[in-house]
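The structure under discussion appears below in the form of structure tokens.
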Amino acid sequence: AKSDAPKKPTGPVRPDNVPAGTIMATPEAKKLAKKNNIKLDKITGTGTFGRITEHDVLAAAGKAPEAKKAPRASASTRAIPDLPDGPVPLSGMQVAVANNMDATLTIPSFRVTRKVETTKFDDLYAALKPKGVSVSALLSKAVALAVEQHPLLNAHYDAKTKNIVYKKNINIANAVAIEGGLITPVMQNTNEMDIMSIASEWRELVGKAKSGTLKPAEYNSGTFMVSNLGMMGVSGFGALLPVGIGSILAVSASLPTVVMRKGMPTEVKVMELTITCDHRHIYGADAAQFLKTLAGILEDTPMDMII
């Protein structure tokens, strides 16, 4: 049996208020059809409600519509640097650094962070700077004094023997960026040296590092490592723990911070310290106690560094 339901229109639906037989076309389409001698009633519109568009007229005339031109990017007035592109082989030192960083992935490490007020430390540095004492020298001595009270952080874990290997000597290594790599000059027995000797030895070691004349014992005998990016304004970071030591301390910049003192806002300088430790023999409480001791030296008794 045939259905009596009306068939749905297959083309565009014409609005009810448009009389039958009316040709709907855009003004541009009418102008274009007149120019090309094309009758609008011969064109099927593809626009809204079957309206004939400029594109429909062009298609009927066998002409492709003009592609819209993309806006041209304006040239920069600044000089564009010639940036490197493509693979570059690592230098021998860079290969060594890369291998050492790969080896850090074998160590189950953790980090603990503490903020330290540096008002007294900054005053001491300002007094000693004219005598050639650097921040690195002062920090190295402070760290060495703290390590004396927490020898576990100066030890490393021996995976083969399952032993904690303690070290009587406190040799503080500081990471130094040099051309094409990174190296860690070491100050032997830092806790036993006076601050002027530390300052003098550190200047000599940095000079050797930059000239490439460090002896192996002057860069591979560290028992505790410090990485200081404070001079670059870094507000906080954590360092990777190299193989063969138990701890590395990351030192950030001393930055102005507002704290409350007796109910009043006061601006002080605060530095963030983050220690990374080998979790196989050093635990969170050990690292926290070490940072507490170090904070006490820097905040309360900085004169201990010059005794």
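The values are calculated or read from the model by the stated rules, or taken from the named source; none is laboratory data. All values reported here derive from a predicted model rather than from experimental measurement. A quick note on method: Cβ atoms are made from the backbone with ideal geometry, for glycine too, and the neighbour counts reach across all protein chains shown. Accessible surface areas use protein heavy atoms only, side chains included; no ligands, DNA or RNA. Shrake-Rupley method; radii C 1.70, N 1.55, O 1.52, S 1.80 Å.
Structure above, values below:
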{"quantity": "Checking residue 111 against (1) of a type outside the set (Gly, Ala, Ser); (2) in contact with a Gly (Cβ under 9 Å, 6 or more places away or on another chain); (3) part of a loop (DSSP other than H, G, I, E, B), the condition it does not meet", "calculated": "(3)"}
{"quantity": "Selection status of residue 258, part of a loop (DSSP other than H, G, I, E, B), under 27 Å from the mean Cα position of the chain (by Cα) and either surrounded by fewer than 18 Cβ atoms within 10 Å (Cβ to Cβ) or not aromatic (Phe, Trp, Tyr) (or both)", "calculated": "no"}
{"quantity": "Answer residue from the stretch 56-83, given it is within 21 Å of residue 32 (Cα to Cα), of a type outside the set (Asp, Glu) and modelled with pLDDT of 65 or more and is most open to solvent (accessible area, probe 1.4 Å) among those", "calculated": "63"}
{"quantity": "Number of positions in the stretch 217-246 that are in contact with an Asp or Glu (Cβ under 8 Å, 6 or more places away or on another chain) and surrounded by fewer than 18 Cβ atoms within 10 Å (Cβ to Cβ)", "calculated": "2"}
{"quantity": "Yes/no for residue 250 being small (Gly, Ala, Ser), in contact with a Ser or Thr (Cβ under 6 Å, 6 or more places away or on another chain) and surrounded by 12 or more Cβ atoms within 10 Å (Cβ to Cβ)", "calculated": "yes"}
{"quantity": "Qualifying positions in the stretch 165-176 - of a type outside the set (Lys, Arg) and open to solvent by 70 Å² or more (accessible area, probe 1.4 Å)", "calculated": "166, 169"}
{"quantity": "Number of the condition not met by residue 155 [criteria: (1) among the aliphatic types (A, V, I, L, M); (2) open to solvent by 70 Å² or more (accessible area, probe 1.4 Å); (3) more than 25 Å from residue 209 (Cβ to Cβ)]", "calculated": "(2)"}
{"quantity": "Checklist (1) of a type outside the set (Asp, Glu); (2) under 13 Å from residue 172 (Cα atoms); (3) crowded, with 21+ Cβ neighbours inside 10 Å; (4) free of Cβ contacts under 8 Å to residues at least 40 places away in the same chain applied to residue 187, failing item", "calculated": "(4)"}
{"quantity": "Residue check, residue 142 exposed (fewer than 14 other Cβ atoms within 10 Å of the Cβ), modelled with pLDDT of 90 or more and part of a helix (DSSP H, G or I)", "calculated": "no"}
{"quantity": "Residue that is farthest from the chain's Cα centre (by Cα), among those in the stretch 84-104 that are surrounded by 10 or more Cβ atoms within 10 Å (Cβ to Cβ) and part of a loop (DSSP other than H, G, I, E, B)", "calculated": "91"}
{"quantity": "Within the stretch 209-231, considering residues that are among the polar types (S, T, N, Q) and part of a loop (DSSP other than H, G, I, E, B), the one farthest from residue 152 (Cα to Cα)", "calculated": "213"}
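This table checks each residue for (1) in contact (Cβ under 8 Å) with a residue 12 or more places away in the chain; (2) under 29 Å from the mean Cα position of the chain (by Cα); (3) part of a loop (DSSP other than H, G, I, E, B).
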{"position": "148", "(1), (2), (3)": "yes, no, no"}
{"position": "153", "(1), (2), (3)": "yes, yes, no"}
{"position": "164", "(1), (2), (3)": "yes, no, no"}
{"position": "167", "(1), (2), (3)": "yes, no, yes"}
{"position": "199", "(1), (2), (3)": "yes, no, no"}
{"position": "206", "(1), (2), (3)": "yes, yes, no"}
